[in-house]
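Asker: Here it is: the structure, laid out below.
The values are calculated or read from the model by the stated rules, or taken from the named source; none is laboratory data. Because the structure is a prediction, the values reported are computed rather than measured. All Cβ positions, even for glycine, are placed from backbone atoms using ideal geometry, and neighbour counts span all protein chains on display.
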Amino acid sequence: MSVSSALLSRLAAFSSCEVADALIKLKLPHGGYLPGIEMYSPEHIRGPTSICGPAFTVKMVLQSDTSAPKPAQHFVDAAVPGSVMLVSAPPHTRSAVWGGLMTARAQSLGVQGVVIDGRCRDLGEHRESAFPVFARGHSVLGQSPFTRPSELQVPLEIVDPTVPRGSDGAPLFPAVTVHPGDLLLADADGVVSVPADLAAQVVELATEGRRVDGLCMTDLRAGKGIKETFALHRGK
């Protein structure tokens, strides 16, 4: 499902926190949150940078995995203008899957930014280019001889490898599956994924949430207590 540019613009006006709150109200147990992935460029977890666009997904595998498919072209060359690239590396990989040369090419194609379920490197080059990079960490090591791209535009299951698992083997914080074309919104607070078919409902709920929070903020700044303020405006 594709999302209109008008709806995308409306979604982009909200913060990742507002969008996550809306997704929780829609009964998504993870709120769309991709835990452990933080802004590394243009600044580290600060500043007004915010990106919002359809996900272009890239699955990386260990280079030793010779059975996994190989893409017909370089994964950055295949990127769609206006998209947000989502690159997923094998769990616990210590090498980077994104560097300064990737940023240069992605930026020339009109990619909005990259979200990495893994590590980046060349922080100075990303920041000099003011290219938004969100990652699980950073490294001095490049892809080779550790990982390689395998599949493009496939669903990716994002799981924070530091999250403990229950007795059934499932992570205690639920995994988030991101499909190509789902909407990724990222800012200094973090990254959320919005299923394309829920975008309109998210905008509606986030709009109301912002209105209510504005009323709460006004009262709290006027000296009212949290309990009475929440009871009045949030009904709890």
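Asker: Exactly one condition in (1) without any contact (Cβ under 8 Å) to a residue 40 or more places away in the chain; (2) farther than 27 Å from residue 64 by Cα; (3) not hydroxyl-bearing (Ser, Thr, Tyr) is not met by residue 187; state its number.
Answerer: With respect to (1) without any contact (Cβ under 8 Å) to a residue 40 or more places away in the chain; (2) farther than 27 Å from residue 64 by Cα; (3) not hydroxyl-bearing (Ser, Thr, Tyr), residue 187 is out only on (1).
Asker: If you check every pair at least six apart or on different chains, which have Cβ atoms under 7 Å apart with a residue in the range 170-181 that is surrounded by 14 or more Cβ atoms within 10 Å (Cβ to Cβ) first and a residue that is part of a strand (DSSP E or B) and modelled with pLDDT under 95 second?
Answerer: 171/165
Asker: Identify, from the list 149, 155, 161, the residue that is surrounded by fewer than 17 Cβ atoms within 10 Å (Cβ to Cβ), out of contact with any Ser or Thr (no Cβ under 8 Å at 6 or more places or on another chain) and in contact (Cβ under 8 Å) with a residue 40 or more places away in the chain.
Answerer: Numbers: 149 fails: surrounded by fewer than 17 Cβ atoms within 10 Å (Cβ to Cβ); 155 fails: out of contact with any Ser or Thr (no Cβ under 8 Å at 6 or more places or on another chain).
Going through 149, 155, 161 in turn, the sole match is 161.
Asker: Same structure, new question: Could you list, in sequence order, the residues of the range 82-93 that are farther than 26 Å from residue 4 by Cα and in a loop (DSSP other than H, G, I, E, B)?
Answerer: To start, the set of residues in the range 82-93 that are farther than 26 Å from residue 4 by Cα comprises 88-93.
Those that are farther than 26 Å from residue 4 by Cα and in a loop (DSSP other than H, G, I, E, B): 89, 90, 91, 92, 93.
Asker: Out of everything in the range 181-200 that is among the acidic types (Asp, Glu) and not in a strand (DSSP E or B), what residue ends up being farthest from residue 4 (Cα to Cα)?
Answerer: For the range 181-200, the residue satisfying everything is 189.
Asker: Of all residues being of a type in the set (S, T, N, Q) and not in a loop (DSSP other than H, G, I, E, B) in the range 30-75, which is nearest to the chain's Cα centre (by Cα)? Just the residue, please.
Answerer: Among those residues, the one meeting the criterion is 57.
Asker: Please find, among 79, 6, the residue that is at negative phi, among the small types (Gly, Ala, Ser) and either in a loop (DSSP other than H, G, I, E, B) or in contact (Cβ under 8 Å) with a residue 12 or more places away in the chain (or both).
Answerer: Exactly one of 79, 6 is at negative phi, among the small types (Gly, Ala, Ser) and either in a loop (DSSP other than H, G, I, E, B) or in contact (Cβ under 8 Å) with a residue 12 or more places away in the chain (or both), namely 79.
Asker: Let me ask something additional. What pairs can you find where one residue is in the range 9-21 and among the charged types (D, E, K, R), the other is part of a helix (DSSP H, G or I), and their Cβ atoms are less than 8 Å apart, with a gap of 6+ or different chains?
Answerer: Qualifying pairs under 8 Å: 10/203; 18/206; 18/209; 18/210; 21/205; 21/206; 21/209.
Asker: Would you mind finding the one in 100, 82 that is more than 20 Å from residue 177 (Cα to Cα) and surrounded by fewer than 16 Cβ atoms within 10 Å (Cβ to Cβ)?
Answerer: Values: 100 fails: surrounded by fewer than 16 Cβ atoms within 10 Å (Cβ to Cβ).
Step by step, each of 100, 82 is checked, and only 82 is more than 20 Å from residue 177 (Cα to Cα) and surrounded by fewer than 16 Cβ atoms within 10 Å (Cβ to Cβ).
Asker: In the range 24-47, how many residues are touching a residue at least 60 places away in the same chain (Cβ under 8 Å) and either within 18 Å of residue 131 (Cα to Cα) or in contact with a Cys (Cβ under 9 Å, 6 or more places away or on another chain) (or both)?
Answerer: 10
Asker: Let me ask you something else. Restricting the search to the range 128-139, which residues are out of contact with any His (no Cβ under 9 Å at 6 or more places or on another chain) and either surrounded by 16 or more Cβ atoms within 10 Å (Cβ to Cβ) or without any contact (Cβ under 8 Å) to a residue 24 or more places away in the chain (or both)?
Answerer: 128, 129, 131, 134, 135, 136, 137, 138, 139 - these are the residues of the range 128-139 that are out of contact with any His (no Cβ under 9 Å at 6 or more places or on another chain) and either surrounded by 16 or more Cβ atoms within 10 Å (Cβ to Cβ) or without any contact (Cβ under 8 Å) to a residue 24 or more places away in the chain (or both).
Asker: Follow-up question, since we're still on this one. For residue 188, work out the one condition from (1) farther than 16 Å from residue 83 by Cβ; (2) among the aliphatic types (A, V, I, L, M); (3) crowded, with 19+ Cβ neighbours inside 10 Å it doesn't fulfil.
Answerer: So residue 188 meets the others, but not (3).
Asker: Also: When you scan the range 132-180, how many residues do you find that are outside any loop (DSSP other than H, G, I, E, B), of a type outside the set (Phe, Trp, Tyr) and either in contact with a Pro (Cβ under 6 Å, 6 or more places away or on another chain) or modelled with pLDDT of 95 or more (or both)?
Answerer: 18
Asker: Could you tell me whether any residue of the range 194-216 is closer than 18 Å to residue 59 by Cβ and touching a Leu at 6+ places or on another chain (Cβ under 9 Å)?
Answerer: Among the residues of the range 194-216, not one is closer than 18 Å to residue 59 by Cβ and touching a Leu at 6+ places or on another chain (Cβ under 9 Å), which makes the answer no.
Asker: Look through 15, 88, 2 and report the one residue that is of a type in the set (S, T, N, Q) and closer than 23 Å to residue 209 by Cβ.
Answerer: Being of a type in the set (S, T, N, Q) and closer than 23 Å to residue 209 by Cβ holds for just one of 15, 88, 2, which is 15.
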